[in-house]
Each structure stands twice: as C-alpha cells, then as structure tokens.
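The block underneath contains the structure these notes are about, expressed in structure tokens.
Please treat every number below as a calculation from the coordinates, not as lab data. These numbers come from a predicted model, not from an experiment. As a convention, Cβ positions derive from the backbone with ideal geometry for all residues, glycine included, and neighbour counts pool all protein chains shown.
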Amino acid sequence: MSGPTPPFRCAAAARKRDDPQLGSAPQARRWLLIEHRGPWQIDALAGSGIAPAMLQQINRAVHDQAARPLLIRRPGRTDATVPSAWAVCYEDGAVRWGGWSDDTGLESALQTLAAPSPGPGGDPEPILLACTHGLHDVCCALRGRPVAAALAQEWPEATWECSHVGGDRFAANLVVLPDGVYYGNLDPETAVHAVRSHLAGAVAVQHLRGMTRVSPPAQVAVAAVHERLGPFGAGDVRETAVTHTSPGVWRVQLAVPEAGLARIEVTVASARRAPAQLTCRAASDTPAAEYRVVNLVVG
C-alpha cells in the first residue's frame, strides 16, 4: 500500500524537466532595499505594515526609476532594537545606505532613489540577497534559507535574506548587487562556490540566470561570451546593440574592451516550452520561454 502523495514542489519539478534558467533574470535599472524583519506576506511590500500613503510613494518612485523594491532581513535572529536599514543600488554600481525607524524615514530613501547616481566611488561592498520568501513560494524557504545561512557564515556583513525575486522554480535564488547578477538552482555548497568565483572576477556561468541590466536575449548572449571566451567579471562583457531580426530571433552585439574584444556578435533564438506548473502556488500550467545561442562570431 503506497503512502501519501508528496506535495508538489516547483523547484524539484523544474530540475526534473531540466528547465533552462538563462535569460530569466527580471530587468531592473535600480534597486530599493528596505530592511523589514518580517513576517512577510505573499505580497511582501504591500503587507509590510508601511502606511498606504508611503506605499503609494514607493510604488510611484520605483516605477519612475525602473527599480526593483525588495524587503531584506538578516538570516537568523536579529536585534529588534537596532534601527532598520535601507539601500539604493544604481545601475553604474553605486550604493547608498541609510536608516529608518518609521515611515517618514523612508522619504530619504526615495529621494536617493530618484537622484542621479553619485558615482561608484571605488569598489562598493557586495550585497548578497538570498530569496527566502516562503509564503510566496515554499521552495524559496526550503532551499533559500540554508543558502542564506551558508553565505552568512562566509560573508556575514554582505548577506541578507530577501523577498520574492522571481523564478521560484530556480530556487535557491541569489542576487548579487550592485552587479545585478542572478544565480539560481543553488544549494549551500554551490552558492558559496558561485559567490567566491563572482567576487574573484569570474562569473559562475553554470549557475547563471542572467544580468538584470539587459534584456533576456542579451542575457543569454552575455552568458555565452562568459562561457566560451571567459572567464570575465560581471561588468566586463558589454552590450553595444540588440536587433530583433525576425520573430523569436535577435542579433546581439557585445564587446569586452579589457580583453581586446571590440566586436562579438551572438545570434539568439527563443521558443516556447510545453506548459507546466511553474510555481508551487500556480493554479494552472504556463509555457515558459527558452533561449538558445545559434551562432557566436568574434571580430
């Protein structure tokens, strides 16, 4: 007699299907990080307890700046008496931090988000965001929390848990800021390896989902350059042009100036995969996009 059917887990199902993750990083120009110790509701920001008037200001600001808002918290137990932090990450790599204890304290965060970038000012400290938003998708908690704990052992000041980053089925997910790089399908060991490689100047292509500053086809093209011509750092491969040449096909032009590669052309094609349940809470099956590199030419 068979036992009860185990609950559906989207990350396990995606790995069984071998879902490709390249090109799945959501695009964002800037990031607004707000420390909030939880609990986090399904819609973390809307359910944060921040006053509706301030939420309206936040939503307007992130829309105007094409920014991504996330709630963050330290792994494990935290001191609730310590003021909460906020951070703004700019597209050029600049990062600015501040603090807040009530809603009015977030006004300076929104002013910073809307302001021109002050410039990186050297190498900013990395921010490691492990998605652990279990109420949004249980896979994010089951797979994300061990990753957050492992990263916190190695990089305690850089590591944060964060709310939903997208791509639940690729849990555990990690975002490295201010580089804007998504990694997925991680466990504690591979997460530590990926971060070590990333911080040493070599993008961990085997776990790469994409770079948030470029479109999905360009993410796939950039990854191909890292894989075939690298290793390179997160900001070394630069998109110079993207042309939609025909339905589902793009020509992406890239350069790696530091390596003397002035012109690289990558052709990327997309297709729709068979419909599948892409999240643990999904009510129906959905087709996902799949990208492949058709050609890569240097020079």
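The table for this structure:
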| item | result |
| --- | --- |
| Relative contact order of the range 148-272, pairs being alpha-carbon contacts under 8 Å that are 6 or more residues apart, as % | 16 |
| Mean separation of Cα contacts under 8 Å, 6 or more apart, over the residue count of the chain: relative contact order % | 17 |
| Centroid-to-centroid separation of the range 1-62 and the range 225-299 [C-alpha atoms, Å] | 24 |
| For the range 240-250, Karplus couplings with θ = phi - 60° (6.51, -1.76, 1.60), whole Hz, Gly/Pro x | 10, 6, 10, 10, 7, 7, 6, x, x, 9, 10 |
| Sites V297 and S117, calculated FRET efficiency, Cβ-Cβ separation with R0 30 Å, nearest 0.05 | 0.35 |
| Selected from N295, Q111, T212, residue furthest toward positive end of dipole (the chain; charges at beta carbon) | N295 |
| Descending principal axes extents, the chain, alpha-carbon based, whole Å | 66, 57, 36 |
| Theoretical gain in end-to-end length, T5 to A262 [0.36 nm per residue, Cα-Cα removed] | 87.0 nm |
| Simple Cβ-charge dipole of the chain, Lys/Arg +1 and Asp/Glu -1, about Cα centre, in debye nearest 20 | 800 |
| Residues whose placed amide H lies under 5 Å from that of L278, excluding near-sequence neighbours | T286 |
| FRET E, pair H63, A241, Förster distance 22 Å, beta-carbon r, rounded to 0.05 | 0.25 |
| GNM flexibility winner over the chain from S163, S117, S101 (Cα, springs under 10 Å) | S101 |
| Sum of side-chain charges, E189 neighbourhood, beta-carbon under 12 Å (Lys, Arg +1; Asp, Glu -1) | -1 |
| Amide H within-cut-off set for A85, under 5 Å, with H built and near neighbours excluded | E35, W100 |
| Magnitude of the charge dipole, the range 219-270, Cβ model with Lys/Arg +1 and Asp/Glu -1, debye to 20 | 140 |
